[in-house]
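First up is the structure itself, then whatever we jot down about it.
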Amino acid sequence: MKNLFSKKLQTNSCIKEDGNFKIQLNDCLACSGCITDSEKLLTETNNDLILNLKGNVTFIIASQSKWSIFDYLNGENFEEFENYLCYFLREKFKIKSIYDTSYATNIITNELLKEDNKIISDCPGTVMYIERQASHLIKHLSKILTAQQILAKNKSNEIIVSVVQCYDKKLELSESSTEIDFILTTYEFMKLLEKSNFNYTKTTYRSLPNEQFRNNVGFNSGGYLNNILFKKYSEIKNKTDLNPKKVNKSRTNKLLEVNSTKDKTMDKNKWEDFNKIKFPNLRHGVTYNFIQKSPGYYFYEFIENNQKEVYVRIIGVENLINFMKEMKINPFHFKLVEAYICNFGCVNGPGQLKFEDIEKSLLDFSSIGQKSNSNELDLEPIDLYGRTFKKKEMKKTSFNVQW
């Protein structure tokens, strides 16, 4: 039998090594590789304690973390992998429940629809840059809780283990008021599985009923803006142009309906089209414009009755810095901005396992879509707001050496 753990377990490289982008010292604020010694203590996790957990335990696992492990193990069928991982965790820890963070995506999206002129990001690196380098944008940061915070808050009486994509996320959760008992990066979670004799092969497949663990979104990050864009499209499409007998429902959004002769670019399960969405069959008087300022920096404009709504997607540190600089001289007139600091988004976070071919893996990841699930998330009534932000001063350090 093939030894699944024979290859060296590696995490992703630091974001500052990607590409030829020259970053200044003052810009280097949120890199996970540069956390302080005191912060490192906050992020350390004792795996032996987790291995001894039994009962009354809830796992909250990021969609991108699951995909990272699946890719590392050279899996062939993602649904089978999920089934076995879920089965293994239940058998090992006798746990009560397992949640994919994407289960909170629709909840967050519905709250965002009530807001205006906001920046949404689950990425603590994005928030850190804004707090330290663009205090003029702090008022626009949405205070809606992150997916991990919402799910953890709903399970406050249980022992919670959360698996996240980067050390910044781990540090953020450890410092927040969210009661999460153990926080692991994907890399650390894989080490835990290895120590627990996790052995996923095609012969270890276990069929499981629908549950919250299998609500997968093939988004590199968040997914909120995509949900909103396609809700927007459902409102402004020309329904008379659609043949009801030939209507498809997208795997990634039940509200999205397009003609069976749909434009290929409407298929948001394909990574190459992910940020270049076109909206055909718009009702009379509605204009849609897609603008790409640079790879990872996209604008989506809807114009009707001389009223313009603009949505922005930002992926990558260089694009975020450029956006912050632009907002120092231009007014913030956007309906919503979704921003993430890592190139290729959270799926390529520093806490993830190293991808052999990140672009190919993203194509595969985006193709899984969202699994339909009859088992809706049963949330207790909770306050979905509570994130706080404040201006933070940069620490200036002199590197002059006196000989």
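Derivation of every value follows stated rules applied to the coordinates shown; laboratory data play no part. Only a predicted model underlies this, so the values are computations on that prediction, with no experimental measurement involved. Neighbour counts are summed over all protein chains in view; Cβ atoms, including those assigned to glycine, are modelled from backbone coordinates with ideal geometry.
The listed peptides 92-103, 299-310, ordered by packing as a protection proxy, come out as 92-103, 299-310 (highest mean of other Cβ atoms within 10 Å first). When the listed pairs Lys92/Lys169; Lys66/Lys191; Lys114/Lys155 are checked against a 23 Å cut-off, the alpha-carbon distance exceeds it for Lys92/Lys169; Lys114/Lys155. Given a Förster distance of 22 angstrom, what is the FRET efficiency for Ser177 paired with Lys328, based on the Cβ-Cβ distance and rounded to 0.05? In this case the efficiency is close to 0.10.
When the chain is fully extended, how far beyond the present Cα-Cα distance does Tyr87 get from Phe299, taking 0.36 nm per residue of separation?
Residue separation times 0.36 nm, minus the Cα-Cα distance, leaves 72.1 nm.
The Thr287 and Asn52 beta-carbon pair, evaluated with R₀ = 51 Å, returns a calculated FRET efficiency of approximately 0.25.
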